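Reading through the C-alpha cells given below for one structure.
The values are calculated or read from the model by the stated rules, or taken from the named source; none is laboratory data. Note that the coordinates shown come from a computational prediction; the quantities given were computed from them, not determined experimentally. With ideal geometry, Cβ positions are generated from the backbone for all residues, glycine too; neighbour counts draw on all protein chains shown.
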C-alpha cells in the first residue's frame, strides 16, 4: 500500500501523461514499415524528437499477429539491454544523494567489508574484492571469456538446482552462486567484456543504498518525475504478459529451448529462456519508445523539462573510456563524440530488439520490435546501422 501511495503521489506532483500524443510523420512511418517488412518482424514502434519536440510517435505491424492486434504508440515492449542505462542513472542519482565525491564513490569496492555489498562473504576468487562500482558500470569487472562466454543470468534452472532453491534462481541466488563457485576470467579494471551479471550486482547496490526494491526505486525516482507510468519489470511466460503488452515472436530459424522454470518443457526462447525478475537490472524492463526518449531528454541538459542528474554528473556518466579496450564504452552507455552522442541497444534472442540514442544535434529517437531477425548476436550492429543510416537522412529535414 505504501508503494502504491508513493507512486500515486508522484503522479499527482509530476503528472500522469506517460505517453506523448501520437505524432504523425509519413517519412518516419515509411522507414518503420519498410524495416519490419524487409526483416519479417511482426511489429514495432518508434519515437523521434528534436530539442524536446516530438516529430514522430507511432507504430507499425502487429502487437499480436495471431489476433491481428495492431501495434500502437502506447504498446509496451520488452526493452532488453536498453535497461542498463536506466540502472546507471539510478546509481548516479544515489551517489549524488549520498554527498560523497563522485570519483571516490565510483572507485569504492563493491564486495568485502568496506564495499557496497559486504554481506556476500563466500568468495572463491579474491580478485573479486578489487571490483569497483566503476568496473561494474563500464563492464570491466573481470567476468566473461572470449572462448567460453558463459552467462549465469541465463542458467537459472541449473543454478537453482545447485543452490538447492526453487527454480528459476533469483538475482541474489545467482550472485551467491557466481561468487562461491567461479573465478574471474581476468583481473578487474583491465579489459572491457560485456557483462549482464555485473548489472545484476548493480541492481543490488541500488537496493542497498536506497533501502527499496530496485524496481520501486526506479519507478519513483526515474520514471515518475518524467510522467512515465507504464514502465515496469516484465512478465516472462506468455500468460504473464500484460493484456496490452506486445507478444514476442522468435525468429523462425530459432530452435526450441528448455524452460528455465522446470528444466523439462521445451518451447520458444521468448517465453522459456528468460526470467525478467532475475534480469531486472540488465534487461528486465518493458516500456514504449516514447518512454525511452523522455529518459534521454532527462539526461540531456537544456533539452528535458525535468533533469534527473546534474550536468557534471551526466558528463562523467556518458564520457567514453577507450583505455579499457572498447572506445565507445562509458558508464552504462555506448558513447561517441566525447559523450555528445550516447545510447544503447537491447536484444533478447530471438524475440526482442530495441535501440535508443541521443544525437549531438538534439535528435533523440528510439525503436522497439517484437522479433530479433538475426542468426548471430554480432549481427545486431549491422542490422541497426542500416536503420540508423536511413534515420540520419531524415534528421536533416527536422527543424
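Residue check: is residue 339 under 17 Å from residue 136 (Cα atoms) and in contact (Cβ under 8 Å) with a residue 12 or more places away in the chain?
In short, no.
Quick check on my filter: what residues within the stretch 190-208 are more than 16 Å from the chain's Cα centre (by Cα), surrounded by 18 or more Cβ atoms within 10 Å (Cβ to Cβ) and not in a loop (DSSP other than H, G, I, E, B)?
205, 207
Among the residues of the stretch 169-184, which ones are assigned to a helix (DSSP H, G or I), under 11 Å from residue 128 (Cβ atoms) and in contact (Cβ under 8 Å) with a residue 40 or more places away in the chain?
Hits for the stretch 169-184 are 175, 179, 180.
For residue 253, which of the numbered conditions (1) out of contact with any helix residue (DSSP H, G or I) (no Cβ under 7 Å at 6 or more places or on another chain); (2) free of Cβ contacts under 8 Å to residues at least 24 places away in the same chain; (3) in a loop (DSSP other than H, G, I, E, B) fails to hold?
With respect to (1) out of contact with any helix residue (DSSP H, G or I) (no Cβ under 7 Å at 6 or more places or on another chain); (2) free of Cβ contacts under 8 Å to residues at least 24 places away in the same chain; (3) in a loop (DSSP other than H, G, I, E, B), residue 253 is out only on (2).
Restricting the search to the stretch 58-113, which residues are in contact (Cβ under 8 Å) with a residue 40 or more places away in the chain, outside any helix (DSSP H, G or I) and over 30 Å from residue 22 (Cβ atoms)?
Selection gives 110, 111.
Just for the stretch 333-347: of the residues that are part of a strand (DSSP E or B) and in contact with a strand residue (DSSP E or B) (Cβ under 6 Å, 6 or more places away or on another chain), which one is farthest from residue 321 (Cα to Cα)?
347
Taking the stretch 340-350 on its own, how many of its residues are buried (at least 22 other Cβ atoms within 10 Å of the Cβ) and under 13 Å from the mean Cα position of the chain (by Cα)?
Number of matching residues: 5.
Looking at 375, 337, 379, which is the one that is at positive phi, surrounded by fewer than 18 Cβ atoms within 10 Å (Cβ to Cβ) and at pLDDT below 95?
That would be 337, the only listed residue that is at positive phi, surrounded by fewer than 18 Cβ atoms within 10 Å (Cβ to Cβ) and at pLDDT below 95.
The conditions are (1) within 22 Å of residue 180 (Cβ to Cβ); (2) touching a residue at least 40 places away in the same chain (Cβ under 8 Å); (3) out of contact with any strand residue (DSSP E or B) (no Cβ under 8 Å at 6 or more places or on another chain), and residue 132 fails exactly one of them. Which is it?
(3)
Exactly one condition in (1) in contact (Cβ under 8 Å) with a residue 24 or more places away in the chain; (2) surrounded by 18 or more Cβ atoms within 10 Å (Cβ to Cβ); (3) within 29 Å of residue 48 (Cα to Cα); (4) in contact with a strand residue (DSSP E or B) (Cβ under 8 Å, 6 or more places away or on another chain) is false for residue 242; which is it?
Against the list (1) in contact (Cβ under 8 Å) with a residue 24 or more places away in the chain; (2) surrounded by 18 or more Cβ atoms within 10 Å (Cβ to Cβ); (3) within 29 Å of residue 48 (Cα to Cα); (4) in contact with a strand residue (DSSP E or B) (Cβ under 8 Å, 6 or more places away or on another chain), residue 242 comes up short only on (2).
Checking the conditions here, which among 116, 120 is out of contact with any strand residue (DSSP E or B) (no Cβ under 9 Å at 6 or more places or on another chain), part of a loop (DSSP other than H, G, I, E, B) and either crowded, with 21+ Cβ neighbours inside 10 Å or at negative phi (or both)?
120
Of the residues in the stretch 260-276, how many are outside any helix (DSSP H, G or I), in contact with a strand residue (DSSP E or B) (Cβ under 8 Å, 6 or more places away or on another chain) and over 25 Å from residue 139 (Cα atoms)?
Total meeting the criteria: 5.
Would you confirm whether or not the stretch 43-50 contains a residue that is surrounded by fewer than 21 Cβ atoms within 10 Å (Cβ to Cβ) and closer than 18 Å to residue 294 by Cα?
yes
Out of 187, 146, report the one residue that is at pLDDT below 95, over 23 Å from residue 233 (Cα atoms), more than 21 Å from the chain's Cα centre (by Cα) and in a loop (DSSP other than H, G, I, E, B).
Of the residues listed, the single one that is at pLDDT below 95, over 23 Å from residue 233 (Cα atoms), more than 21 Å from the chain's Cα centre (by Cα) and in a loop (DSSP other than H, G, I, E, B) is 146.
Would you tally the residues in the stretch 351-371 being assigned to a loop (DSSP other than H, G, I, E, B) and over 16 Å from the mean Cα position of the chain (by Cα)?
Within the stretch 351-371, residues that are assigned to a loop (DSSP other than H, G, I, E, B) and over 16 Å from the mean Cα position of the chain (by Cα) number 5.
Hey, among the residues in the stretch 277-287 that are touching a strand residue (DSSP E or B) at 6+ places or on another chain (Cβ under 8 Å) and crowded, with 21+ Cβ neighbours inside 10 Å, which one's farthest from residue 200 (Cα to Cα)?
Out of the qualifying residues, it is 287.
Considering 306, 265, 258, which residue is touching a helix residue (DSSP H, G or I) at 6+ places or on another chain (Cβ under 8 Å), surrounded by fewer than 18 Cβ atoms within 10 Å (Cβ to Cβ) and closer than 22 Å to residue 333 by Cβ?
306
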